[in-house]
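Read through the structure below, which is laid out as structure tokens, and then see the notes.
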Amino acid sequence: MAEIIRIGAIDDDRMLLDGLRSWLCQLDDLRVIHVATTVDAFLAAAADVQVVLLDLNLRDHSVPAENVALLRAAGFRVLMVSAIPDPEHVLATVEAGAAGYITKDNDLPTLAAAVREVAAGGSVLTPELAFILSRDRRPTRPRLSPQEQAVLTAYAKGSTLQAAARQAGVAYGTARAYLERVKRKYSEAGRPTHTKLDLANRLREDRLELDNLGKET
Amino acid sequence: MLRATPEDAPARTFGLLVHMLVGIRLVQLLPWPIALAVGARFMVADPVLPLTSYALQTVWSLFYAIRALRTGTLPDWVVTTDVLVAAACLVMSGRGWAAANGTSWGNSAVYPAIGVALSTAVVWWPTRAVAAGVSLALCYVIGVLPELRTGGSIIASTAGNVLSLVGFSVVAGLISSQLMRSARTAAATTAAMLDARERAAAQRARYEERQSQYRILHDTVLSTLTAIARGADYGDRQLRGRCAAEADLIRSMISNDTEPTTSLAVELALVVHHQAALGLRVHCQTADMPGELPPSVIAALAGSCREALNNVAKHAGTDEAWLTAHGGPGGEITIAVVDRGRGFDPRSLTGGLGLDRSIAARMIEAGGTSFVDSETGQGTSVELRWPK
């Protein structure tokens, strides 16, 4: 039996939060520990959670990417959740360090799998996030190789990784590596080192991630 | 389809009149050289004047004819010059002839002058045309004035020519103005009819759009709200699913600031909504949707998506599908309907044949293409592209 994953959730809809709690109750290894309607309220409680499910557009008009940055700075892994895919903000949150993005119309197994992946220190590239990344037209977008773009585009249509690999003409393992690289390019694009303080934070972040990886293996 | 524009009728009529004037003018240059060629001899007082007159009239008339045939127009300056040349020739030619010859058909300036009077009648009717006709008649009289003193038959033939110069222009003016008037009436009627037809079509389109939106709302959102209001005993999950589908539908119908709502987006939302009601969860995402598409293309794309999703529900053994659509810079569109179900072996003939046929036919008819990609155990992907 795996260790229980402690989850926090931030959404301005109380009903959704309650629904989420009872929904995840069905699974033995996931538990919602703390919920809040704003990021400030969530941070004030200093809850001991591993993964925060963060609604993309909160009603307090906070900037999604700043919300992610605040939670990341506090040491939380963040999984974005939203009803409306809003490409601009989704891209910004991914670059701000969100581990993944998932729409609210997904079923429990999909959500649970994403939470487990994020809790384990991985990142989640859902087809909906792949679609937004594949249609990224900003001049500042991370540069992708033609093969990376091909796998990403095929995967963004909803194909299984196996089918996406076949359509792009690469091996399954290669396709998986490409998608991971795409995701990494995006999270790295959002971490420019401006100052020595930033650099120190970056090192601390990386070390944390390494430590966590060490624990799990 | 060739559609005559309403402006055509008067332009065509005027063009016809210009051609007629040019024809008359060229024919009117012929009698004099023909008479000389067949051996007619005239008594000439001063050969320089009639020859100069004829040469001037010929050169100018050729210029006039070529210009008119090329441009199809007779601007004021051409008609004015025409009148001045004809007037000068009438005087010169008349003075050049010996007594009793200037009033006969031997006077080479008279026939072209009648042609000039006709063209003023077409272009300048009525006041300036009549004035021009009278002026030409006067110049003719001035030219042949020395001969009039001989009296008798000379007076009669002079009166005949004067009457021709004024009378022909009046008759031509009356007829051509009548022709132009009926052409303009026809044009105005056609324009009004086209306008009315377009207005009616626009009105009908608006009405139909509104009706179809009402119908959509009635069948979806209204029925869900009514069910909730009556205390529908759905499971929480199912009710939420239905509300989410309605929300997606309304969202796609209302234009938001990120993407203009196209009727393709609405059609796709309807297709997805329909599948959601039947129990297939469709993850729908769009980007850079084209602003406008022909209705036949929208119908083919939406119909193909419906068909592809029906196939997922029937054959894929899954309750989940993805529909992604994105436009390109040139107004093209690509739509993919993908599932992660059981798929089929593309080398077996039975697998996706029905699917391929019904969708491919629709897309080809609308000027697009479709591709089906599958492998046993890897799901199926149907991709639609327009244009080809």
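Points to keep in mind about this one:
- Of all residues in the range B:371-388, those satisfying the criterion of being within 14 Å of another protein chain (Cβ to nearest Cβ), surrounded by 22 or more Cβ atoms within 10 Å (Cβ to Cβ) and within 41 Å of the chain's Cα centre (by Cα) are B:V382, B:L384.
- Count of residues meeting criterion [more than 11 Å from chain B (Cβ to nearest Cβ), in contact with a helix residue (DSSP H, G or I) (Cβ under 6 Å, 6 or more places away or on another chain) and crowded, with 18+ Cβ neighbours inside 10 Å] in the range A:111-132: 3
- Tally of residues being more than 20 Å from B:V59 (Cβ to Cβ), more than 24 Å from the chain's Cα centre (by Cα) and surrounded by fewer than 15 Cβ atoms within 10 Å (Cβ to Cβ) across the range B:10-26: 1
- B:L2 vs. criteria farther than 29 Å from B:G143 by Cβ and modelled with pLDDT under 85: yes
- Filtered residue count, the range A:26-48, keeping only those that are in a loop (DSSP other than H, G, I, E, B) and under 16 Å from A:E3 (Cα atoms): 5
- Of the residues making up the range A:13-42, those that are farther than 19 Å from A:F76 by Cα, in contact (Cβ under 8 Å) with a residue 24 or more places away in the chain and not hydrophobic (A, V, I, L, M, F, W, C) number 3.
- Screening the range A:133-145 for residues that are more than 10 Å from every other protein chain (Cβ to nearest Cβ) and in a loop (DSSP other than H, G, I, E, B) and picking the one that is surrounded by the most Cβ atoms within 10 Å (Cβ to Cβ) gives A:L144.
- Residue selected from the range A:92-110 under the condition surrounded by 18 or more Cβ atoms within 10 Å (Cβ to Cβ), modelled with pLDDT of 90 or more and within 13 Å of chain B (Cβ to nearest Cβ), by the criterion farthest from the chain's Cα centre (by Cα): A:I102
- Flag if B:D248 is more than 39 Å from the chain's Cα centre (by Cα) and at pLDDT below 75: yes
- Listed by first and then second residue, the pairs with beta-carbon distance under 8 Å, at least 6 apart or on different chains, first residue in the range B:215-243 and under 25 Å from A:S22 (Cα atoms), second polar (S, T, N, Q) and at pLDDT 75 or above, are B:R242/B:T224; B:C243/B:T224.
- Exclusive hit being under 30 Å from A:T140 (Cβ atoms), at pLDDT 90 or above and either among the aromatic types (F, W, Y) or crowded, with 20+ Cβ neighbours inside 10 Å (or both), set A:V49, A:V39: A:V39
- If only residues of the range A:71-91 that are within 14 Å of chain B (Cβ to nearest Cβ) and touching a residue at least 40 places away in the same chain (Cβ under 8 Å) are counted, the one that is nearest to A:R135 (Cα to Cα) is A:P87.
- Qualifying positions in the range B:170-207 - surrounded by fewer than 14 Cβ atoms within 10 Å (Cβ to Cβ), of a type in the set (A, V, I, L, M, F, W, C) and within 14 Å of B:W124 (Cα to Cα): B:V171, B:L174
- The range A:169-191, subset touching a residue at least 12 places away in the same chain (Cβ under 8 Å) and among the hydrophobic types (A, V, I, L, M, F, W, C), residue farthest from the other protein chains (Cβ to nearest Cβ): A:A189
- If you go through the range A:150-168 and pick out every residue that is over 20 Å from A:P87 (Cα atoms), outside any loop (DSSP other than H, G, I, E, B) and at the interface with chain B (Cβ under 7 Å from one of its Cβ atoms), you end up with 4.
- One residue alone among A:A150, A:A156, A:A163 is in contact with a Phe, Trp or Tyr (Cβ under 7 Å, 6 or more places away or on another chain) and either of a type in the set (D, E, K, R) or buried (at least 18 other Cβ atoms within 10 Å of the Cβ) (or both), and that residue is A:A156.
- You will find that of B:G317, B:G279, B:G330, the residue that is in contact (Cβ under 8 Å) with a residue 40 or more places away in the chain and surrounded by fewer than 18 Cβ atoms within 10 Å (Cβ to Cβ) is B:G279 and no other.
- Total residues in the range B:262-310 satisfying the condition of being outside any strand (DSSP E or B) and either within 14 Å of chain A (Cβ to nearest Cβ) or over 23 Å from B:R215 (Cα atoms) (or both): the figure is 15.
- Meets criteria (in contact (Cβ under 8 Å) with a residue 24 or more places away in the chain and over 30 Å from A:I84 (Cβ atoms)) for B:L163: no
The values are calculated or read from the model by the stated rules, or taken from the named source; none is laboratory data. Owing to the predicted nature of the structure, the values given are computational and were not obtained by experimental measurement. Heads up, the Cβs are rebuilt from the backbone with ideal geometry, glycines too, and the neighbour counts pull from every protein chain shown.
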